[in-house]
Amino acid sequence: MDHLRSNSPDPVVWCDSRRRGRCWWLPLLALSAGCVSDGTLLEENAAVALRSARFQARQDLDCPGAVVNVLSEKEVPGAPWGYLYSDYRIRAEGCGSTAFYDVECRDESLCDVKRVQP
Amino acid sequence: MGGLLAAVSVPAAAEVTTTWGSWAQVVGEGNLGFVDPRLEKFRLWLEGQGRWNEDWQHFYQGVVRAALGYSLSDRATLWVGYNFVPTQLQGRPYFAIQELWPGFRYILPTDFGVFMFRTMLDVNFIRGDDVRFRPRQMFRYLHPFEFDKRFSLVVWDEVFVRVNTTEWGGKAGFDQNRAFVGFGWSFTPELRAELGYMNQYVEDRDLLNETDNNLIMGSLFVGW
């Protein structure tokens, strides 16, 4: 049990609640961890992206009953120092045809829809 | 008594010199996925600037900036970069500043606009090996207008502080502030132009006098 009485210096304690001010960085860490989550924007813009793709697919496929679903989604920065865009790869199907779309939405009212190859 | 009074040094009132000019910049940025898909988290930032002063009569400074970034997420990016700043002030010899800097940028989209926070630590090699450390912090806000979301209000401020005293870089303390207000137009998600007014308020090397630069600033931002 000698090692418990070691004369080695105290281990570095990054956050000691008994010492005032030592934990100042914890809220910052929590805040930054929350800030790097990309979930919210993608969830907010998914509905308008699907709506935009469905509208386009019904025209392209000449099929009023075309249905759409999201294959993949990610946030992408646009021009520097500017907006973030939600980027969705969407598959549309109906009347025996299939089409794929790349939909970039800046917010719930501004989307850019491009038909792409699968 | 008169002699005592005369011996007390009274600092001269600060002088503020007002000038007019303009800055123009092209900023390109994108990920390196086009080189290799495994490099998609790495970003490249290339920038060129031209600066005119003396009531637009004199091209006094250029900036070439190149930086490599790593995306912690699509909102947070770590950077390391290099600036080359050739300078020719009216009536003074030409010199070129070189700068190395680490930086961090965070983009926060909200329902009422996009905020950007950018922190950089300029390591200035002005002349010789007398290195100046100058942190700078930018806060930027972009607000799309309801009547046309391609059109936006742009407001930002960036403050610079000299951490250490150097022969060519001046005394430690406040260095300068840049404040901008203008408008932006998004041609496509990858191409945006901005035009506006920038006020650059600069301390001199002895922290005695200031220069108030009134600038028309035009920018072109290209993403890939």
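Examine the range B:74-85 for a residue that is within 14 Å of chain A (Cβ to nearest Cβ), of a type in the set (Asp, Glu), surrounded by 14 or more Cβ atoms within 10 Å (Cβ to Cβ) and part of a strand (DSSP E or B), and state whether such a residue exists. Give the steps one after another, and end with the answer.
So the first thing to find is which residues in the range B:74-85 are within 14 Å of chain A (Cβ to nearest Cβ), and the list is B:74-79, B:81.
Narrowing further to those that are of a type in the set (Asp, Glu): B:74.
Cutting the leftovers down to surrounded by 14 or more Cβ atoms within 10 Å (Cβ to Cβ) gives us B:74.
Checking the rest, the ones that are also part of a strand (DSSP E or B) come to none.
The answer is no; no qualifying residue exists.
You will find that of B:209, B:214, the residue that is of a type outside the set (Asp, Glu) and either within 20 Å of residue B:133 (Cβ to Cβ) or more than 15 Å from the chain's Cα centre (by Cα) (or both) is B:209 and no other.
Condition check ((1) polar (S, T, N, Q); (2) at pLDDT 95 or above; (3) over 21 Å from residue B:52 (Cα atoms)) across all residues:
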position	(1), (2), (3)
B:126	no, no, no
B:136	no, yes, yes
B:141	no, yes, yes
B:163	no, yes, yes
B:174	no, yes, yes
B:199	yes, yes, no
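Step by step: first the residues of the range B:190-206, then only those that are assigned to a strand (DSSP E or B) and not aliphatic (A, V, I, L, M), then the one that is nearest to residue B:14 (Cα to Cα). Which residue is that? That would be B:203.
Among the residues making up the range B:171-189, those that are part of a strand (DSSP E or B) and surrounded by 18 or more Cβ atoms within 10 Å (Cβ to Cβ) are B:175, B:176, B:178, B:180, B:182, B:184, B:186.
Of all residues in the range A:78-110, those being surrounded by 14 or more Cβ atoms within 10 Å (Cβ to Cβ) and more than 10 Å from every other protein chain (Cβ to nearest Cβ) number 12.
Residues are listed down the side, and each one gets a yes or a no for (1) in contact with a Leu (Cβ under 6 Å, 6 or more places away or on another chain); (2) more than 30 Å from residue B:47 (Cα to Cα); (3) modelled with pLDDT of 60 or more:
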site	(1), (2), (3)
A:8	no, yes, no
A:29	no, yes, no
A:32	no, no, no
A:68	yes, yes, yes
A:86	yes, no, yes
A:89	yes, yes, yes
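Total residues in the range B:25-43 satisfying the condition of being loosely packed, with under 15 Cβ neighbours inside 10 Å and free of Cβ contacts under 8 Å to residues at least 60 places away in the same chain: the figure is 7.
Note on the range B:120-170: residues that are away from chain A (no Cβ under 14 Å), at negative phi and not in a strand (DSSP E or B) total 10. Taken over the range B:162-213, the criterion of being over 21 Å from residue B:20 (Cα atoms) and polar (S, T, N, Q) is satisfied by B:164, B:165, B:166, B:186, B:188.
Does residue B:152 satisfy the criteria of being free of Cβ contacts under 8 Å to residues at least 40 places away in the same chain and within 30 Å of residue A:104 (Cβ to Cβ)? Considered against the rule, which asks whether it is free of Cβ contacts under 8 Å to residues at least 40 places away in the same chain and within 30 Å of residue A:104 (Cβ to Cβ), residue B:152 comes out as yes.
The values are calculated or read from the model by the stated rules, or taken from the named source; none is laboratory data. Predicted, not measured: the structure shown is a model, and the values here were computed from it. Cβ atoms come from the backbone with ideal geometry, glycine included; neighbour counts cover every protein chain shown.
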